[in-house]
1. So how many residues does the range 142-160 have that are closer than 23 Å to residue 64 by Cα and surrounded by 24 or more Cβ atoms within 10 Å (Cβ to Cβ)?
2. Anything in the range 56-65 that is near the ligand (Cβ under 9 Å from one of its atoms), in a loop (DSSP other than H, G, I, E, B) and buried (at least 22 other Cβ atoms within 10 Å of the Cβ)? List them, or say none.
3. Give 139, 172 a once-over and let me know the one that is of a type outside the set (D, E, K, R) and surrounded by fewer than 19 Cβ atoms within 10 Å (Cβ to Cβ).
4. Go through (1) within 22 Å of residue 109 (Cα to Cα); (2) surrounded by fewer than 16 Cβ atoms within 10 Å (Cβ to Cβ) and name the single condition residue 201 misses.
5. What is the one condition in (1) more than 16 Å from the ligand (Cβ to nearest atom); (2) at pLDDT 90 or above that residue 76 does not satisfy?
6. Among the residues of the range 235-250, which ones are in contact with a helix residue (DSSP H, G or I) (Cβ under 7 Å, 6 or more places away or on another chain) and in a helix (DSSP H, G or I)?
7. When the range 101-126 is examined, which residues are found to be surrounded by fewer than 18 Cβ atoms within 10 Å (Cβ to Cβ), over 26 Å from the mean Cα position of the chain (by Cα) and not β-branched (Val, Ile, Thr)?
8. What are the pairs, 6+ residues apart or on separate chains, where a residue within the range 5-21 that is in the same structural domain as residue 219 (by TED's automatic domain parsing) and modelled with pLDDT under 65 has its Cβ under 6 Å from a residue that is surrounded by fewer than 24 Cβ atoms within 10 Å (Cβ to Cβ) and part of a loop (DSSP other than H, G, I, E, B)?
Amino acid sequence: MDLEEKLRILGAAARFDVTCSTRNSRMLEEAVGKGGFSFPGIYRTWSEDGKCLPVLKILLSNRCVYDCAYCVNRASAHRPRASFTPSEVAEVTMEYCRRGLVRGLFLSSAVWVSPDHTMEKLVLAARELRLGRGFRGYIHLKVIPGASPELVREAAIYADRLSVNIELPTEISLRRLAPDKRREDILSPMGEIRRQEEAHRESGVPSGTRHGFAFLRAGQTTQLIIGATPENDLEILRLAEGLYRDYGLRRVYYSAFFPVSEDPRLPALREPPLLREHRLYQADWLIRRYGFRVEELLGGERPHLEKELDPKSAWALRNPAFFPVEVNRAGYEELIRVPGIGPRSARRIISARRLHSLDLHSLSRLGVVVSRARWFITCNGRYFLKRDPDPDDLRRELESGGHGGERGEATGQTALFDAGEYASASGTWGGSLSGEATGPRKEGLTASEYLRSVAGGEF
Ligand code: SF4
């Protein structure tokens, strides 16, 4: 099989992994493919600060010895199979870079022969790029569950980011749908990566300079499939909170389950739970960036996030005693709990009010979604209504998006976050769900691209 055919198969297969928050760069592929040779596998990814980075996103191999029920590449699936050699990965990456098509590599793989066999080849590819070819671009490597600690340690030397996909929330679900995997095989490499990060921090060597390479500059991430198993949102968010705390993960990516087979172990969903996934991303963002605890958002009596309302607005409605917040005096922690005020606008408020007192009009200029925030704030003791709002009216207003068309405001449920910050929070797909088109969110997946992108599992 020639390289182009391998690229076609393994580039297409890699799109099922969402842990590098990418979208397929079809426009770029088409533009450079006119000369005959096409360039599959080009995706765009976004850094935490919202910068766009084109990457080559491929699998090393889609030949899998495991048989996870939810995955298109499971051993029992009938589909074209291919594998790169490590040198071929290095060659293709350098060629794409020379042509200015990409500035990084996202390399994942099915479990080819065994976890160590696969991991060794992933590491060899990264090593050849760094040592043999002087590659200084971005490398995101997938760590194969069950790979030995020595290989994980070497992967950490060459990679900017590593990810081990946890996939299913509980051991029971893993046994049911991915019987070849053990939870311990997933958590052990995560722990090893954490130890490597800590050792690197304690060494005092500036980030990105150990051995002259990136050394986990972008940390580790994971992916969790939503809706293939019966766990509720509370269990999922508790797991995510634990992963952030115990393993120092940068991101947990939630991937709505999309049925790819008739396997009777899988739920018969008519459509993937995209809205649920969206709410989980919002709640996750509140936990990581706004200081919310899972227990503030959900509880035993309320184990699922509301469909109709974003989790921050839902929390605000349940906690009327917290409001109104006086914007000319409140601290940062209070301000970011107000629907319509995010970290960025809270910082701007604190800075601007040193110079002058703020009213609704000036808040709008600072990026506050005033149509939502006005229900929860006072400006110099003044509330925009003459009386307290009726709770049902307020809920209806928030469910409808709570926007009155103010200039420059984000719309829809995602408006609870600063638009730019949310773009990086939701990776690449947020815009398609709300219709919002602000900043980098214009790059969001279309609904159909997104559906395809979540069709698989971890590689
Ligand atoms: S999820 Fe990964 S390990 Fe499981 S069948 Fe797919 S490629 Fe193989």
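1. Residues meeting the conditions: 7.
2. Once the filter is applied, which keeps residues that are near the ligand (Cβ under 9 Å from one of its atoms), in a loop (DSSP other than H, G, I, E, B) and buried (at least 22 other Cβ atoms within 10 Å of the Cβ), the range 56-65 yields 62, 64.
3. Values: 139 fails: surrounded by fewer than 19 Cβ atoms within 10 Å (Cβ to Cβ).
Selected residue: 172, the only one of 139, 172 that is of a type outside the set (D, E, K, R) and surrounded by fewer than 19 Cβ atoms within 10 Å (Cβ to Cβ).
4. Every condition holds for residue 201 apart from (1).
5. With (1) more than 16 Å from the ligand (Cβ to nearest atom); (2) at pLDDT 90 or above applied to residue 76, the lone miss is (1).
6. Once the filter is applied, which keeps residues that are in contact with a helix residue (DSSP H, G or I) (Cβ under 7 Å, 6 or more places away or on another chain) and in a helix (DSSP H, G or I), the range 235-250 yields 236, 237, 238, 240, 241, 244, 247.
7. Within the range 101-126, 114, 116, 117 qualify.
8. 21/427
The values are calculated or read from the model by the stated rules, or taken from the named source; none is laboratory data. Predicted, not measured: the structure shown is a model, and the values here were computed from it. Positions of Cβ are generated from backbone atoms using ideal geometry, with glycine treated the same way; all protein chains shown enter the neighbour counts.
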